[in-house]
Structure formats: C-alpha cells, structure tokens
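Okay, structure first, notes after.
The values are calculated or read from the model by the stated rules, or taken from the named source; none is laboratory data. What you see is a predicted model; the values in this text were computed from it and never measured. Cβ coordinates were reconstructed from backbone atoms using ideal geometry, including for glycine residues, and neighbour counts include every protein chain displayed.
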Amino acid sequence: MFVLELTYTAPLDRIDAVLPQHVEWLKEHYDAGTFLASGRKVPRDGGVIVAVGTDRAAVEQIVRTDPFSEAGLVEYTVTEFLATTTAPALDAYRQELPA
C-alpha cells in the first residue's frame, strides 16, 4: 500500500485551473481500484492519496500522469507501507509481513 503526498509548488489559482483534470484523473484510478481515499491537506498546501499496489515503479508512473505533475504544479512523496492492521472495511487490503 502507498501514501502519496502532494505538495503544491504553484499558487492556488494555478492549482484551481487544473483541478478539474486532476479530479478526472483521480476518478480513473478509483474506477481501476488503485485509489482508496484522497483529499486536501489542511491547511490547503497539497493533498494525500491512499493507493494500493505491489509495484512501486507502477505507482510512481501513475503519479507522473497526474495533470498537476504534468503541469509542474506539485511535488510528490511516495511512501510504501505494509497495511498489516486494517479496519474491517479494508480487510481485503490487509497485508502480511514478509517471512
């Protein structure tokens, strides 16, 4: 599982101009089952996405296709973790520690 943290590197008016395309990109990845949750940080200086996957390179490629990334408006930090404990609603995403 991955936590994708976006940090805005451009003024909010430039972010807002590309926001509709970013929302469509999010929807594509929700529909594909890759994204589980997302939203703005408070204060509004970026956002966070929780993503599933086992291939870090694939997740990093998805990040590069974000319209915010393509327009040079954000920096991403990608953090991989093992979700060994989850809420019941996320049981399908629970992971085991390697042996």
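Here D16 qualifies as of a type in the set (D, E, K, R) and loosely packed, with under 11 Cβ neighbours inside 10 Å.
For segment 18-55, a residue qualifies if it is more than 21 Å from L90 (Cα to Cα), of a type in the set (A, V, I, L, M, F, W, C) and touching a residue at least 40 places away in the same chain (Cβ under 8 Å), and the qualifying residues are V18, W25.
Only one of the numbered conditions (1) among the small types (G, A, S); (2) exposed (fewer than 11 other Cβ atoms within 10 Å of the Cβ); (3) in contact with a helix residue (DSSP H, G or I) (Cβ under 7 Å, 6 or more places away or on another chain) is not met by A71, and that is (2).
Looking across G53, G72, one residue alone is at pLDDT below 95 and not in a strand (DSSP E or B). It is G53. Here V3 qualifies as within 11 Å of the chain's Cα centre (by Cα) and among the β-branched types (V, I, T). Filtered by the rule that a residue be within 15 Å of E80 (Cα to Cα) and assigned to a loop (DSSP other than H, G, I, E, B), segment 1-50 gives M1, T34. For V59, the conditions (1) out of contact with any strand residue (DSSP E or B) (no Cβ under 6 Å at 6 or more places or on another chain); (2) touching a residue at least 24 places away in the same chain (Cβ under 8 Å) all hold with the exception of (1).
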